[in-house]
Number of protein chains: 2
Amino acid sequence: MRGAARLGRLLTPHGEVETPVFMPVGTVASVKGVSQDILEDLGVQILLGNTYHLYLRPGVEQVRKLGGLHKFMAWPRAILTDSGGFQVFSLNELRKVTEDGVTFRSHLNGSSHVFTPESAMAAQIGLGADIIMAFDECTEHPADRTRVQQSMELTLRWAARSKKYFEDHKHEVPWANVPSAEAEQQVPRSARNDKSLEGATQSLFGIVQGGMDLALRKESAERTIEIGFPGYAIGGLSVGEARTLTREVVESTIQHLPADKPRYLMGVGTPEEIVEYANLGIDMMDCVLPTRAARHGLLFTSEGKISIKQARYITDEGPLDPKCGCKVCSRYSRAYLRHLYASNEVLAQVLNTVHNLTYYLDLMRTVRHSIALG
Amino acid sequence: MRGAARLGRLLTPHGEVETPVFMPVGTVASVKGVSQDILEDLGVQILLGNTYHLYLRPGVEQVRKLGGLHKFMAWPRAILTDSGGFQVFSLNELRKVTEDGVTFRSHLNGSSHVFTPESAMAAQIGLGADIIMAFDECTEHPADRTRVQQSMELTLRWAARSKKYFEDHKHEVPWANVPSAEAEQQVPRSARNDKSLEGATQSLFGIVQGGMDLALRKESAERTIEIGFPGYAIGGLSVGEARTLTREVVESTIQHLPADKPRYLMGVGTPEEIVEYANLGIDMMDCVLPTRAARHGLLFTSEGKISIKQARYITDEGPLDPKCGCKVCSRYSRAYLRHLYASNEVLAQVLNTVHNLTYYLDLMRTVRHSIALG
């Protein structure tokens, strides 16, 4: 399948993104513990923000008033926001889904809120990310075929409503009225010369659902493409299914996605998985794994996964990963990193996150290099 | 009193320190939340480590085996460790003081430990800071004259024992056997050409006690000088007394300290205080205030102190301090810093600490510049 891998470039209103790309997660307008200048130094070209979290705190209106997410968090490069659908699904046991949308309770204070395709679009337009996502229902797993089909149909209806609202309101993006010369030039389009997008505004991607049913996935892909988006995501995976099943669904679904549009696999994955899926022809991925694992002292290295809290590292003077050139590996010993973690020092989280992100970004650079070399 | 201020330079085995200097506190081998490369960028020339904390975790033997504190924490510049006496005093309600030393319980797990002048020196030699401190008793406040005098006498006897142990064992410093060409040249001495120190090893400073009694402070200073140290600290202040009293004691004690040796005022203070004491002729100061306040969202600016958690900053697009050139003020808005703090994001602590340290270091640069200009 290596032949399916492809190099690309997303030209967004906030700069270029080389694909395949791994997008670090900056849930509430911060990649936990890592300052924006360090992310720039790491070569991060696009960050992911969570609409659900930003909607609750600091609030969309607050971010919009301050010029949008880029300006608010002082991040001049590209940003993608998810639709909030996945967080409503994963953080809310008491959510209530109707044709109109989802009623849910804030995980912060229990207050009640509603997301509809329209309000999720309004939120994402207000936040002003470069790439925003249609509002979808993430189907639970396991689910029977009838349930999966009904859920897929709902997501399709919501996709059409998302697109309609977006088309009617996309001019309201906080930075729409202040187009820079640069923004005018950097029209979002895929490297495959997709000309369907014009103007320096946001791009709305559609999301393919359909559970673990390959026929429904095909149908979802075809009918989402009929609605028409400048990019397509595969959602509803990494929800507890076996990894082999995830791969089977991705591999099958990808066949039904247009070759000339970006393909985004949501919420994946381990280092092995991101390489595997890039090789299958996925262009974009995101996952909390490198940043969350770092906070728990789990570090990815060329020699495998390391749990830095282990006593075996107490006197280990070597670098975390001898093959890594990041500022953590080139300066500190495993013994010091172990000490920071054992002492609950905040610097442990900072350094561990910088390393894990470096590992993921280097991995994707290597993948892109391999693809370039054929 | 402005005429008493003086410029100086400490030449330590790990580089030069321009004085008057403010030393950031890196309690357990980390300035909480700030990586060593950022401290270098901020122009930090000397850090303070806490012997009490390092002794408990990761342990002196552990640090010694790994080459000493500099190598352990990957900090090539100067380090000073305190003697542990102040932490035993401030963190241990159940300590027991005898002629021999202090028995105390770990604040981490309640285990029982003893510090004597000899063991505190052994710990500081094992940690291998450039400047280490004699083991002293920090006299509580208030205390009657008899108690203050007895405590002062104990500190004097401990000072003599500290010096004796240090002289007998200073060759055991972890980096003693690997003198670099650089280390050979950078003999610790004050800018006033103090020649009493020779060789690339640690320097042991004496500590003046005597409570709030000016006559006892004078006696403590004179008798500590008789024992003979390459530098002198004023200890036992900032223990709950009024600020005017602190100043009175410092101003009085300083008269009895030799002009040709570094003078270190321990545990002070606010921005106003460090300027004031530098102007009185103090060369070195340390305090947790800038770093601890940062963690509580209290930020020092040219426009006064700011509590960034306040709702008034929710929509404040301006920089934290318009007159500050630090990487926080030049990139982020008060609104963003307020959001990070309100959301309990770790980045709040990182950025706030970087700013507050910049504020303190800039202040001392300004003081040195003013002194240079007379």
Point to revise | Cα-Cα P(r), the stretch B:1-67, percent of pairs per 10 Å interval | key: 17, 39, 32, 9, 2
Practice item. Run down the aspartates and glutamates and flag those whose C-alpha is under 12 Å from the C-alpha of B:Lys164, throwing out any fewer than 8 positions away in its chain. Key: B:Glu118
Review point. Per residue of B:345-357, how many C-beta atoms from partner chains lie within 10 Å of its own C-beta, taken as a mean?
Key: 4
Check your understanding: Shielding of A:61-73 by partners, i.e. mean partner chain Cβ atoms within 10 Å per residue?
Key -> 3
Review point. Using 7 Å Cα-to-Cβ label points, what is the A:Arg365/A:Ala242 separation (nm, one decimal)?
Key: 3.7 nm
Study note, to complete from the structure: If each part is reduced to its alpha-carbon centroid, the stretch B:201-262 and the stretch A:95-115 end up apart, in Å, by 64 Å
Check your understanding: For label points placed 7 Å from Cα toward Cβ, what is the shortest-first list of nm distances from A:Gly374 to its copies?
Key -> 7.7
Practice item. Counting only DSSP beta bridges with both residues in the protein assembly as shown, tell me the antiparallel percent, nearest 5. Key: 45 percent
Exercise for review: Kindly give the distances from A:Glu167 to its copy-mates, label point to label point, with each label point 7 Å from Cα along Cα→Cβ, as nm values to one decimal ordered shortest first.
Suggested key: 9.1
Practice item. Over the stretch A:227-343, give the accessible area per residue in Å² for a 1.4 Å probe, as an integer. Key: 36 Å²
Practice item. With a 10 Å radius around each residue's Cβ, average the other Cβ atoms per peptide and rank A:251-259, B:304-312, B:82-90, highest first. Key: B:82-90, A:251-259, B:304-312
**Study point:** Sparse-neighbour loop sites [GluC sites (Glu not before Pro); the stretch B:288-374; at most 12 other C-beta within 10 Å; DSSP]
**Key:** B:Glu303
Practice item. Partner chain Cβ atoms within 10 Å, averaged over the residues of A:332-340 - can you pull that number for me? Key: 5
Practice item. Run the accessible area of chain B with a 1.4 Å probe and give the carbon-and-sulfur part as a rounded percent. Key: 50 percent
Practice item. Amide H neighbours of A:Thr301 under 5 Å, at least 5 residues apart or on other chains, H built in the peptide plane: list them. Key: A:Ile306
Check your understanding: Using a Gaussian network model of chain A with C-alpha springs under 10 Å, which one of A:Ala123, A:Ala278, A:Ala74 is most mobile by mean-square fluctuation?
Key -> A:Ala74
Review point. Under a 1.4 Å probe, what is the accessible area of the stretch B:1-113 per residue, stated in Å²?
Key: 37 Å²
Study note, to complete from the structure: Counting only residues 5 or more apart in sequence or on a different chain, those whose built amide H sits under 5 Å from that of A:Gly8 are A:Thr19
Review point. Does the stretch B:1-148 come out rounded, prolate or oblate, given a ≥ b ≥ c as the square roots of the eigenvalues of its C-alpha gyration tensor, rounded meaning a/c under 1.5 and, failing that, prolate meaning a/b above b/c?
Key: oblate
Exercise for review: Measure nothing but the geometry: give the 0 to 90° angle between the long axis through the Cα atoms of B:145-169 and the longest principal axis through the Cα atoms of chain B, rounded to 10°.
Suggested key: 80 degrees
Check your understanding: Relative to the other copies, what are the label-point distances for B:Glu222, with labels 7 Å from Cα along the C-beta vector, expressed in nm at one decimal and sorted shortest first?
Key -> 10.2
Review point. How many square angstrom of accessible surface are buried between A and B, both sides summed, with a 1.4 Å probe and rounding to 100?
Key: 3300 Å²
**Study point:** Above-threshold pairs, the threshold being 21 Å between Cα atoms, out of A:Lys327/B:Lys323; A:Lys305/A:Lys327; B:Lys71/B:Lys170; A:Lys32/A:Lys96; A:Lys32/B:Lys327; A:Lys327/B:Lys327
**Key:** A:Lys327/B:Lys323; A:Lys32/A:Lys96
Check your understanding: Nearest 10 degrees, 0 to 90: what angle lies between the long axis of helix A:271-280 and the longest principal axis of chain A (Cα atoms)?
Key -> 40 degrees
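Roughly how large, in nm² to one decimal, is the mean projection of the convex hull of the alpha-carbon atoms in the stretch B:213-312?
Answer in nm², one decimal: 7.5.
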Study note, to complete from the structure: If the label point sits 7 Å along Cα→Cβ of A:Leu214, residues of the stretch A:122-156 with amide N under 15 Å come out as none
Review point. Hey, in the protein assembly as shown, which Cys have no second cysteine's beta-carbon closer than 4.7 Å?
Key: A:Cys138, A:Cys287, A:Cys326, B:Cys138, B:Cys287, B:Cys326
Exercise for review: Work through the residues other than A:Ser119 whose Cβ is under 13 Å from its Cβ and net out their charges, Lys, Arg +1 and Asp, Glu -1.
Suggested key: -2
Review point. Relative to the longest principal Cα axis of chain A, at what angle does helix A:214-227 sit, 0 to 90 degrees, rounded to 10?
Key: 60 degrees
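How would you rank B:206-213, B:96-103, B:129-136, B:219-226, highest first, on the average number of other Cβ atoms within 10 Å across their residues? Intermediate results must be reported in sequence, preceding the final value.
On the way: B:206-213: 26.8, B:96-103: 14.9, B:129-136: 28.9, B:219-226: 19.5.
So the peptides B:206-213, B:96-103, B:129-136, B:219-226, ranked by packing, come out B:129-136, B:206-213, B:219-226, B:96-103.
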Check your understanding: Got a sec? Which residues of the stretch B:279-323 lose 20 Å² or more of accessible surface with every protein chain in place, vs. that chain alone, 1.4 Å probe?
Key -> B:Ile314, B:Thr315, B:Glu317
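The values are calculated or read from the model by the stated rules, or taken from the named source; none is laboratory data. On a predicted model such as this, the values are computed, not experimentally measured, just so you know. As a convention, Cβ positions derive from the backbone with ideal geometry for all residues, glycine included, and neighbour counts pool all protein chains shown. The protein model used for the area step is the full one, side chains on, heavy atoms only, and it has no ligands, DNA or RNA in it. Shrake-Rupley method; radii C 1.70, N 1.55, O 1.52, S 1.80 Å.
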